[in-house]
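Visitor: To start, I am sharing the structure in question, which I have written as structure tokens.
The values are calculated or read from the model by the stated rules, or taken from the named source; none is laboratory data. In this text, all values refer to a predicted model and were calculated from it rather than measured experimentally. No Cβ is skipped: glycine too gets one built from the backbone with ideal geometry, and neighbour counts run over all protein chains shown. Calculation scope for accessible area: heavy atoms of the full protein, side chains included, ligands and nucleic acids excluded. Shrake-Rupley method; radii C 1.70, N 1.55, O 1.52, S 1.80 Å.
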Amino acid sequence: MKYDFTAIEQKWHKIWDEKQLYKAETGGDKKKFYALIEFPYPSGAGLHVGHARPYTAMDVIARKHRMQGENVLFPMGYDAFGLPTENYAIKNHIHPAIVTKNNIETFRGQLQALGYSFDWDREINTTDPKYFKWTQWIFLQLYKNGLAYKTKMPVNWCTSCKCVLANEEVVEGVCERCGSPVIRKEQSQWMLRITKYAQRLLDDLDEVDFIDRVKLQQRNWIGRSTGAEVRFETTAGDTVTVFTTRPDTLFGATYMVLSPEHALMEKWMDKLENAAEVKAYQAAAAAKSDMERTELSKEKTGVKLAGVMGINPVNGKKIPIFISDYVLATYGTGAIMAVPAHDERDWDFAKKFGCEIIEVVKGGNVQEAPFTDCATGVMVNSDFLDGMSVEEAKKAIIAYLTEKGIGEAKVNFKLRDWVFSRQRYWGEPIPIVHCPKCGTVPLDEKELPLLLPQVDSYEPTDDGQSPLAKMTDWVNTTCPCCGGPAKRETDTMPQWAGSSWYYLRYMDPHNDDALASKEALEYWSPVDWYNGGMEHTTLHLLYSRFWHKFLYDIGVVPTKEPYAKRTSHGMILGEGGIKMSKSRGNVINPTDVIAEYGADTMRTYIIFIGDFEKAASWATNAVKGCKRFLDKVWNLAETVTDHETAYSAKNEAILHKTIKKVSSDIDTLKGNTALAALMTLCNELTDNGCNAAELKTLLQLLSPFAPHICDEIWELHGFEGICSVSSWPTYDEAKCKDSEIDMAVQVNGKLRGTIHVAADLDNDSVVAAATADEKVSAFLARLGGSIVKTIVVKNKLVNLIVK
RNA sequence: GCCGGUGUGAUGGAAUUGGUAGACGUAGUGGACUCAAAAUCCACCGGUAGCGAUACCGUGCCGGUUCGAGCCCGGCCACCGGCACCA
């Protein structure tokens, strides 16, 4: 019989579905295992091979855990709010909800064709009102707890999307999504106070099993730095507070710099002798886009304030004050003390503007270059700090500042609050009402979900208002508080909202009374293993950790962290290592691969392609290799006619070894080497002959990777049950060893021969066998000298040292 | 600039974490089967020299530690990713 993959795969999809083979039950005695992958955005282009890599890898893990007798939750859904759908809807005059529905159907079909063992009863969709009811509910809780607030602030504005972006969505000064320039714009925005959780988001990374590069990237993004805030008096009578990580260098502070947007500038404007020049500089800085600001970063610019001086609090010296855009309004206090002798930026600025450079840490020539080494320097020119190390001086100065009331220790974070509003249609409406009498009023929870209005046009306005603002019927409402006329908030939530808690909904997706029942949350939390892309590390992953911690604080979820373990996959590139893109025409569609080679081949190849964590390029030729392998398994099965229940002596060792290898490789995401071991096993069984017991084990080990063909062969041979849910084979460590082995023989560290000996042979016998070997003894004779030392590595090699 | 990562045959990649470098798969070469092709099967497949046994060289480059280094240490080079005036 021929291996007819299309018929086999369709047959088993039906059986799996009918028998509800992959259904997860909340509760019970079995150990639970919650495997999660990032749900896709259902774009019009359909599923991409890039999706297939992490999805297949996690399906393999889920299937193995299921075979090990665990209660596995492996769910799937769609993160369906977002701009591409909205833009498509605008262009083609179709409602985004219809576009979304169609796209989801395509995605579901493709995912099912790949044979993933999802529990389809738990499928979710973030645009479903039953789902976003709870997204809005969480927002209301954030609001009630003071973590959501509206403020006028300079925001990142994408000129093409006509929409506000979060800091995390701006990449190198351009919009992450469309690549258009991002400018600064003053606008009133909803914000989430993620900064309140900065320390906990940082600390709790120690408690989770995330791969190092994810932890590192989150740590850098949170960007904790310790130092001090110091208050400088000025001749204008106002106090300027600065943040510094080097309070030890305070005696070397020879000028100050304020950001152009600093609040005091307005107040001081009348007193300044060069007000016109200062205003011109502020205007120029404001007009710069983020891109221009970074591009111009090398050459420092600024203006010295004429008429106001700062006073160094430790020595009373009058020092000049500048404004410059190298000082950021949004970090620290928006003002710095400048110590040109020991800071590169300050040094550059001081050289250009002729400021004084005073050495306070000995170790370099500060007139030539800034000296920034904290480890070796000794304090000088610093009064009571002289002679101390940098570390000692930091402690001493902070104690001094605190005592005198002019400063104190301070921790700062790079992490900014999360800009949470978007001026677009296709997102969750923010459940807030603005009342002229009562101000900002949250919607009553009973009013949820607050649905989007049906509109004719979803186009954003040029003045930065949401398309919803035009829908007066919807906007005009009554105040939940006083009953008077009021207006609805017209901004919607960003795409990150729905994905910040979706893993909780999977635990109990049909619940209308809560985002999930207490029982389900207790049973399934936390996610045991979450795999996703590195690009979500500082966005989705951080945002959802924040929401989870908040939900923990208000008693909704039982764990501090949402995900116990996080891994990440490399990208799939096109043939030849180039990025896959529509414009290059090198996009591989999984559906085409399935049609030509079958889902099992597709799955096997995407795992075999290489190191899971690294980028890998698609090679259609190598796909054929995986098809050949499955053909070989099919052909091997056809040779098996017995009903043997024990392994043959000849194949016993390799079977035990392969079970061991495949088991541990799946657990460590090394599917590529697991498959290599299975190929080797298949080749051996083909050469040695294969009985029913041996075939059974091969099928079970291969089943997580290629479930359809294994279930089919399993059934054809009349094995009991269904292979996909049979029990994972076990191995005996003692039987993993061969009785006779090859050992390497080295002379002075170089390979000179191999010997075939009994395993676990004692050292003396090994040396005897080595010296007796024909090649080795001939070499030793030629070399002359005598053996002065022997090193034996058990069952591996023997090294003879000859002098 | 700072922080991480990577560098192995023609090619994707292995290497039990200091112990026979190149598993497994592609591609290639030769052969079998075939009228022929596809498919399949067998053999070879890092480089140089040699009919050969074999010898020497070989994991980005230079040096070190070790009986022994792809793996550890020091110094370079190249590429990839993240951050980027964060005081």
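Visitor: Determine the principal axes of the Cα atoms in segment A:703-795, then give the extent along each, sorted from largest to smallest and rounded to whole angstroms.
Guide: 67, 22, 19
Visitor: What ranking of A:507, A:534 comes out by heavy-atom accessible area, probe 1.4 Å, highest first? Walk me through the numbers before you get to the answer.
Guide: On the way: A:507 5, A:534 35 Å².
The most accessible residue leads, giving A:534, A:507.
Visitor: Once the dipole of chain A is set up with Lys and Arg at +1 and Asp and Glu at -1 on Cβ about the Cα centre, which of A:324, A:503, A:114 lies farthest towards its positive end?
Guide: After comparing all options, I get A:324.
Visitor: Let me know the charge dipole size of segment A:63-118 about its Cα centre in debye, to the nearest 20, where only the beta-carbon of Lys, Arg (+1) and Asp, Glu (-1) is charged. Let's see the in-between values first.
Guide: On the way: 6 positive and 4 negative charges, 42 e Å.
Approximately 200 debye in magnitude.
Visitor: While we're here: Using only DSSP helix segments of four residues or longer, with each worth -39500 (n - 2.57), what per-residue ellipticity at 222 nm results for chain A after dividing by its residue count and rounding to 500? Let's see the in-between values first.
Guide: Values: 26 runs with 294 residues, N = 803.
Calculated at 222 nm, the ellipticity per residue is -11000 deg cm²/dmol.
Visitor: At 0.36 nm per residue, and after removing the present C-alpha to C-alpha distance, how many nm does the segment from residue A:575 to residue A:727 gain when stretched out fully? Could you put the intermediate results ahead of the total?
Guide: Values: separation 152, 0.36 × 152 = 54.72 nm, distance 3.83 nm.
Taking 0.36 nm per residue and subtracting the Cα distance, the gain is 50.9 nm.
Visitor: Could you sort out which of A:317/A:395; A:150/A:518; A:582/A:661 sit more than 30 Å apart by Cα distance in this structure?
Guide: Working: A:317/A:395 23 Å; A:150/A:518 32 Å; A:582/A:661 39 Å.
Cα-Cα > 30 Å for A:150/A:518; A:582/A:661; rest within.
Visitor: Another question about this same structure. Tabulate in residue order the Karplus-calculated ³J(HN,Hα) for segment A:219-224, using 6.51 cos²θ - 1.76 cosθ + 1.60 with θ = phi - 60°, rounded to whole Hz; enter x for Gly and Pro.
Guide: 4, 5, 5, 5, x, 6
Visitor: What does the convex hull of the Cα atoms come to per residue for segment A:209-327, in Å³? Mind showing how you got there, number by number?
Guide: Details: hull volume 16.9 nm³, N = 119.
Cα convex hull per residue, to the nearest whole number: 142 Å³.
Visitor: Let me ask another. If you split all Cα-Cα distances of segment A:651-728 into 10 Å bins from zero, what percentages do you get per bin, shortest first?
Guide: 19, 54, 26, 0
Visitor: Taking the Cβ-Cβ separation of residue A:596 and residue A:438 as r and a Förster radius of 51 Å, what is the calculated FRET efficiency to the nearest 0.05? Show your work: numbers first, answer last.
Guide: Details: r = 64 Å, r/R0 = 1.25.
Efficiency computed from Cβ-Cβ geometry: 0.20.
Visitor: Can you give me the Cα centroid spacing of segment A:348-408 and segment A:679-750 in angstrom?
Guide: 68 Å
Visitor: Where the centroid of each part is defined by its Cα atoms, how far is segment A:237-284 from segment A:169-211 in Å?
Guide: Value for the Cα centre distance between the two parts: 28 Å.
Visitor: Related question: About the Cα centre, and with charges only on the beta carbon of Lys, Arg (+1) and Asp, Glu (-1), how big is the dipole of segment A:553-613? Nearest 20 debye, please.
Guide: Magnitude of the dipole: close to 200 debye.
Visitor: Once the piece of chain linking residue A:68 and residue A:275 is laid out straight, how much longer is it, given 0.36 nm per residue of separation minus the C-alpha distance between them? Mind showing how you got there, number by number?
Guide: Values: separation 207, 0.36 × 207 = 74.52 nm, distance 7.53 nm.
Gain on extension, residue A:68 to residue A:275, equals 67.0 nm.
Visitor: I'd like the Kirkwood hydrodynamic radius of segment A:1-108, using the inverse of the mean 1/r over distinct C-alpha pairs, in Å. Before the final figure, lay out the partial values.
Guide: On the way: mean 1/r = 0.0607 Å⁻¹.
It is 16.5 Å.
Visitor: Still on this structure, please answer the following. Enter the Cα centre distance for the pair segment A:516-558 and segment A:589-646, rounded to the nearest angstrom.
Guide: Cα centres, segment A:516-558 to segment A:589-646: 35 Å.
Visitor: Once R0 is set to 25 Å, what does the formula 1/(1 + (r/R0)^6) return for the Cβ-Cβ distance between residue A:102 and residue A:583, expressed as a FRET efficiency to the nearest 0.05?
Guide: On the way: r = 24 Å, r/R0 = 0.96.
So, using R0 = 25 Å, E works out to roughly 0.55.
Visitor: Also: What's the angle, to the nearest 10 degrees (0 to 90), between helix A:129-144's Cα axis and the longest principal axis of chain A?
Guide: 40 degrees
Visitor: What is the angle, in °, between the Cα long axis of helix A:692-702 and the longest principal axis of the Cα atoms in chain A? Nearest 10 is fine, range 0 to 90.
Guide: 10 degrees
Visitor: Using modelled amide H (1.01 Å from N, peptide plane; none on Pro or chain starts), what sits under 5 Å from the amide H of residue A:224, excluding residues fewer than 5 places away?
Guide: A:414
Visitor: Excluding ligands and nucleic acids, what accessible area in Å² is computed for residue A:13 using a 1.4 Å probe, to the nearest 10?
Guide: Counting only protein heavy atoms, the figure is 50 Å².
Visitor: Please report, in debye to the nearest 20, how large the charge dipole of chain A is about its Cα centre when each Lys and Arg carries +1 at its beta carbon and each Asp and Glu carries -1 there.
Guide: Details: 93 positive and 106 negative charges, 232 e Å.
In debye, rounded to 20, chain A gives about 1120.
Visitor: Can you pull a Stokes-Einstein diffusion coefficient for segment A:545-600 at 10 °C (1.306 mPa s), Rh from Kirkwood over Cα pairs, as a whole number of µm²/s? Kindly include the intermediate steps, with their values, before the conclusion.
Guide: On the way: Rh = 15.3 Å.
This corresponds to a translational diffusion coefficient of 104 µm²/s.
Visitor: Related question: Which whole-Hz couplings ³J(HN,Hα) result when phi for each residue of segment A:546-559 is put into the Karplus expression 6.51 cos²θ - 1.76 cosθ + 1.60, θ = phi - 60°, listed in order with x for Gly and Pro?
Guide: With the stated coefficients, segment A:546-559 comes to 4, 4, 4, 4, 5, 4, 5, 4, 8, x, 7, 10, x, 10 Hz.
Visitor: Here's something else I'd like to know. Distance in nm between label sites at residue A:641 and residue A:18, each 7 Å beyond Cα in the beta-carbon direction?
Guide: 3.1 nm
Visitor: Residues with amide H under 5 Å of residue A:408's amide H, sequence separation 5 or more or different chain, H placed in the peptide plane at 1.01 Å from N; which?
Guide: The list, which skips near neighbours in sequence, is A:229.
Visitor: Further question on the same structure: Which translational diffusion coefficient, to the nearest whole µm²/s, is obtained for segment A:58-217 from the Stokes-Einstein equation, given a Kirkwood hydrodynamic radius over C-alpha pairs, 10 °C and 1.306 mPa s? It would help to have the intermediate numbers written out before the result.
Guide: Numbers: Rh = 19.7 Å.
Estimated diffusion coefficient is 81 µm²/s.
Visitor: Can you tell me the accessible area per residue over chain A, all protein chains present, probe 1.4 angstrom, in square angstrom?
Guide: Numbers: 34750 Å² over 803 residues.
Value returned for chain A: 43 Å² of accessible area per residue.
Visitor: Which cross-chain or sequence-distant (5 or more) residues have an amide H under 5 Å from the amide H of residue A:440, H modelled 1.01 Å from N in plane?
Guide: A:435
Visitor: A further question on this structure: Given segment A:249-405, what whole percent of its Cα pairs are spread farther than 27 Å? Walk me through the intermediate numbers first.
Guide: On the way: 3415 of 12246 pairs.
Above the 27 Å cut-off, segment A:249-405 has 28 percent of its Cα pairs.
Visitor: Here is a follow-up. Provide the per-residue ³J(HN,Hα) series for segment A:406-419, in order, calculated from phi with Karplus coefficients 6.51, -1.76, 1.60 and θ = phi - 60°, each as a whole number of Hz, with x at glycine and proline positions.
Guide: Those phi angles translate into 10, x, 6, 4, 8, 10, 10, 10, 6, 3, 10, 5, 8, 6 Hz.
Visitor: Something else now. At 0.36 nm per residue, minus the direct Cα-Cα distance, what do residue A:476 and residue A:92 gain on full extension? Give it in nm, one decimal, please. Intermediate values should be presented prior to the final figure.
Guide: Numbers: separation 384, 0.36 × 384 = 138.24 nm, distance 2.89 nm.
Full extension from residue A:476 to residue A:92 adds 135.3 nm.
Visitor: Heavy-atom accessible area of residue A:376 with all protein chains present, probe 1.4 Å, nearest 10 Å²?
Guide: 100 Å²
Visitor: How much of the accessible area of chain A, probe 1.4 Å, is carbon plus sulfur, in whole percent? Walk me through the intermediate numbers first.
Guide: On the way: 17510 of 34750 Å².
Exposed carbon and sulfur together represent 50 percent of the surface.
Visitor: On to the next question. Specify whether the C-alpha gyration tensor of segment A:186-227 places it in the rounded, prolate or oblate class, a ≥ b ≥ c being the square roots of the eigenvalues: rounded for a/c under 1.5, otherwise prolate if a/b is larger than b/c and oblate if not. Show your work: numbers first, answer last.
Guide: On the way: a/c = 2.24, a/b = 1.96, b/c = 1.14.
Here segment A:186-227 falls in the prolate category.
Visitor: So what's the projected area for chain A, the Cα convex hull averaged over all directions, in nm²? Write down the numbers at each step before the final one.
Guide: Working: hull surface 184.1 nm².
That works out to 46.0 nm².
Visitor: Which whole-number percent of Cα pairs in segment A:471-558 have a distance greater than 19 Å? If you can, show how the numbers build up before the last one.
Guide: Details: 2112 of 3828 pairs.
Tail of the P(r) past 19 Å holds 55 percent of the pairs.
Visitor: Lys/Arg Cβ at +1, Asp/Glu Cβ at -1, dipole of segment A:4-84 taken about the Cα centre: which of A:76, A:49, A:35 is farthest positive-ward?
Guide: Working it through, the farthest residue towards the positive pole turns out to be A:35.
Visitor: Specify, per residue and in Å³, the volume enclosed by the convex hull of the alpha carbon atoms belonging to segment A:363-444.
Guide: On the way: hull volume 23.0 nm³, N = 82.
Expressed per residue, the convex hull around the Cα atoms of segment A:363-444 is 281 Å³.
Visitor: Next question. Taking the dipole about the Cα centre of chain A, with the C-beta of Lys and Arg at +1 and of Asp and Glu at -1, give me whichever of A:141, A:550, A:272 is farthest to the positive side.
Guide: Farthest towards the positive pole: A:272.
Visitor: If I fit a long axis through the Cα atoms of helix A:649-667 and take the longest principal axis of the Cα atoms of chain A, what angle between them do I get, 0 to 90°, rounded to 10?
Guide: 10 degrees
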